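A.B. asks: Structure provided below as structure tokens; questions to follow.
The values are calculated or read from the model by the stated rules, or taken from the named source; none is laboratory data. Computed from a predicted model, the values in this text were never measured in an experiment. A quick note on method: Cβ atoms are made from the backbone with ideal geometry, for glycine too, and the neighbour counts reach across all protein chains shown. We work out accessible area using only protein heavy atoms, side chains counted, and drop any ligands, DNA or RNA first. Shrake-Rupley method; radii C 1.70, N 1.55, O 1.52, S 1.80 Å.
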Amino acid sequence: ADNSGQESSGQERLRTLIIIADSQRSRTVLKLRVMGAVENRWRGYYSGDFTPKLSEEEGLATDVVELQSGDISWASGKQGSARRKIQSASGCSLEYLGTLACFVGTLPERERCRQYLTWLLDQKGSRNRELCLPVSVEARADATAMPFAAADRKHLDSEALQQIELATDTFIFFRETPPMEVLAAGTMVQLQYGSRSFNAKIAETCGDQDPSGLKLTLVEGDAGDGNWASEELESRLLILGYDAGDCGFTGRALAVRKIEQHLAEAQADAGNADTHGWGTATDDAAWKQDEAGWKDDSGWNDSSPWDQGDESWQRQTRGRDSQRGNSENWQQPRKDDGGWQANNKKQGRDDHHQGASTAAASSSGKHNGSWDQWNAPSHQTHHNQQQQQQ
């Protein structure tokens, strides 16, 4: 800039950012984080000055590893969740500059973080969290192998494991048994060729470096006492993290407790669903109690006419009878007691024609039975009967 304060042509205004922290690790990590934020906006602004290298320094140092361009999004995760998970589990700071991964920590921390990132990238494109690794990985100082029943696999979905990882600073996935561990020397196998089957014993394997090489020996007769390959392989959950959680409230030990608790709750929920059978219909919440009594969602309660005693179970079929409230209306009156006449609209008219009605009932063959089975005579027949009586 010139003396007038105006910027000279072609020059940039440079600013210096001062980072104040009590440790070299904190200052280095914050510096890389600021550089990464600038790099996300202007590609190549800082990454061009870095060269991939691995430091042999035992103490605090920085390793730089170049990743494939298509691996950055998977290594970072949604809003950086995968990067933070690997960083927390390994105890090593991890920052990205373009396609460069920078590991800040001691030598064991950097090696552990690089290995975790490699296993994370091996799961790229898969939501099953499965890796085919040898059993020797379970002997690592930063690993805990947790066996579980095959039926519980469905309860350990990716979302549930992710919540446990965030709460315990661990890295969790399923370890699948490599083929050469299943097909070990001395294991009995069965070969199928068309409609015929043969029993064989694995005599020799070529080791993990060449899993395609096997030497078999045919076994004649009954091979029931042999060491047959198990159809149900034991499922193992591999929990990784630098913190073993010796106190039981942090790290890998806490992750084991949370997984056991999650499986116990899932099994209890499944057991309750099987016991109910009818789903949520048996839940007490499906019934409500008000001042009138118990009521379900259909709106029926004790205030309905069904609570009037045994006689209330007899449905009323005539509108006028239902208004009178007389229990005699529910009976089936017979002709000879005159009960059917009580249902006429006008009592005076019923008294006037009582004799004619009785004669008509006799002429129509109505001697017994109920009034609702009686066929009333037509109007013309009733008129003729009146004239004959007169």
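A.B. asks: Only residues that are out of contact with any Phe, Trp or Tyr (no Cβ under 6 Å at 6 or more places or on another chain) and surrounded by 21 or more Cβ atoms within 10 Å (Cβ to Cβ): list them for the range 110-119, please.
C.D. replies: Within the range 110-119, 112, 117 meet the criteria.
A.B. asks: Kindly establish whether residue 163 is on the phi < 0 side of the Ramachandran plot, at pLDDT 85 or above and of a type outside the set (Phe, Trp, Tyr).
C.D. replies: Against the criterion (on the phi < 0 side of the Ramachandran plot, at pLDDT 85 or above and of a type outside the set (Phe, Trp, Tyr)), residue 163 qualifies.
A.B. asks: Can you name the number of the only condition in (1) open to solvent by 10 Å² or more (accessible area, probe 1.4 Å); (2) touching a residue at least 24 places away in the same chain (Cβ under 8 Å) that residue 83 fails?
C.D. replies: (2)
A.B. asks: Can you pull out the residues in the range 129-165 that are more than 26 Å from residue 271 (Cβ to Cβ) and open to solvent by 50 Å² or more (accessible area, probe 1.4 Å)?
C.D. replies: Within the range 129-165, 130, 132, 134, 135, 136, 139, 140, 141 qualify.
A.B. asks: Can you name the number of the only condition in (1) in contact with a Leu (Cβ under 9 Å, 6 or more places away or on another chain); (2) part of a strand (DSSP E or B); (3) not aliphatic (A, V, I, L, M) that residue 190 fails?
C.D. replies: Single failed check for residue 190: (1).
A.B. asks: Got at least one residue in the range 52-71 being within 29 Å of the chain's Cα centre (by Cα), surrounded by 11 or more Cβ atoms within 10 Å (Cβ to Cβ) and at pLDDT 90 or above? Before the answer, list the steps.
C.D. replies: Just the residues of the range 52-71 that are within 29 Å of the chain's Cα centre (by Cα), to begin with: 71.
Adding the requirement that they be surrounded by 11 or more Cβ atoms within 10 Å (Cβ to Cβ) leaves 71.
Right, trim to at pLDDT 90 or above and you get 71.
Looking for residues that are within 29 Å of the chain's Cα centre (by Cα), surrounded by 11 or more Cβ atoms within 10 Å (Cβ to Cβ) and at pLDDT 90 or above, one finds at least one in the range 52-71, hence yes.
A.B. asks: Another question, then. Does the range 129-152 hold any residues that are at pLDDT 90 or above, assigned to a helix (DSSP H, G or I) and out of contact with any helix residue (DSSP H, G or I) (no Cβ under 9 Å at 6 or more places or on another chain), and which are they?
C.D. replies: Answer for the range 129-152, where residues must be at pLDDT 90 or above, assigned to a helix (DSSP H, G or I) and out of contact with any helix residue (DSSP H, G or I) (no Cβ under 9 Å at 6 or more places or on another chain): 136, 137, 138, 139.
A.B. asks: Restrict the check to the range 92-113 and report whether at least one residue is more than 29 Å from the chain's Cα centre (by Cα), among the basic types (Lys, Arg), part of a helix (DSSP H, G or I) and farther than 16 Å from residue 37 by Cβ. So that I can check it myself, show each step before the final result.
C.D. replies: Residues of the range 92-113 that are more than 29 Å from the chain's Cα centre (by Cα), as a first pass: 92-113.
Imposing the further condition that a residue be among the basic types (Lys, Arg) reduces the set to 110, 112.
So of that shortlist, the ones also part of a helix (DSSP H, G or I) come out as 110, 112.
With farther than 16 Å from residue 37 by Cβ added as a condition, the list becomes 110, 112.
Checked the range 92-113: at least one residue is more than 29 Å from the chain's Cα centre (by Cα), among the basic types (Lys, Arg), part of a helix (DSSP H, G or I) and farther than 16 Å from residue 37 by Cβ.
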